[in-house]
1. Show the residue pairs meeting these rules: Cβ distance below 7 Å; 6+ apart or different chains; first residue within the range 105-134 and on the phi > 0 side of the Ramachandran plot and touching a residue at least 60 places away in the same chain (Cβ under 8 Å); second residue assigned to a strand (DSSP E or B) and crowded, with 19+ Cβ neighbours inside 10 Å.
2. Any idea which of 106, 76 is surrounded by fewer than 18 Cβ atoms within 10 Å (Cβ to Cβ) and either more than 14 Å from residue 57 (Cα to Cα) or modelled with pLDDT under 65 (or both)?
3. Can you pull out the residues in the range 69-80 that are under 16 Å from residue 128 (Cβ atoms) and assigned to a loop (DSSP other than H, G, I, E, B)?
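The values are calculated or read from the model by the stated rules, or taken from the named source; none is laboratory data. Please read all numbers here as calculations on a predicted model, not as lab measurements. Cβ sites come from the backbone with ideal geometry, for glycine too, and all protein chains shown count toward neighbours.
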């Protein structure tokens, strides 16, 4: 009988402590899952937090060429006689292999998407795009389509004039009828390297 009274007193004391800590306000756990409710709540909170990107863009360059894995002729404006523009990207990846995309927009419309493999970290990759005059934008996206970085550039409607030193260019009368401009179809090429 002494054991019964002692156990009853312990149960009563633990019930009073349980009520004081506010744990009594929490819903009762299902049988066999005792102690998992707080762990499940923490897991749910962590799932709601946005994950850090697996790939980080360290540098994004728009250039007229890439030589020895380095961009050459970095610019925001290119003359009309520019055939290709190169998008060069240096990235750091949490784990490899990974993938990114260069997504090209001309005058607000998506015209190309180039998938690039990331096989090391840090890593340098680039893509080449056949361009025409207009306003351009390139987005670097991760595998899920999240934009990691972007850059805008322009291809001017007229070729850069080649003026002789010390002379002024002559004014030519405007032609009566201008021939319609022909533009080449948009094509993308991909190359990459460590």
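1. Going by the 7 Å Cβ cut-off, there are no qualifying pairs.
2. 76
3. Correct list: 69, 73, 74, 75.
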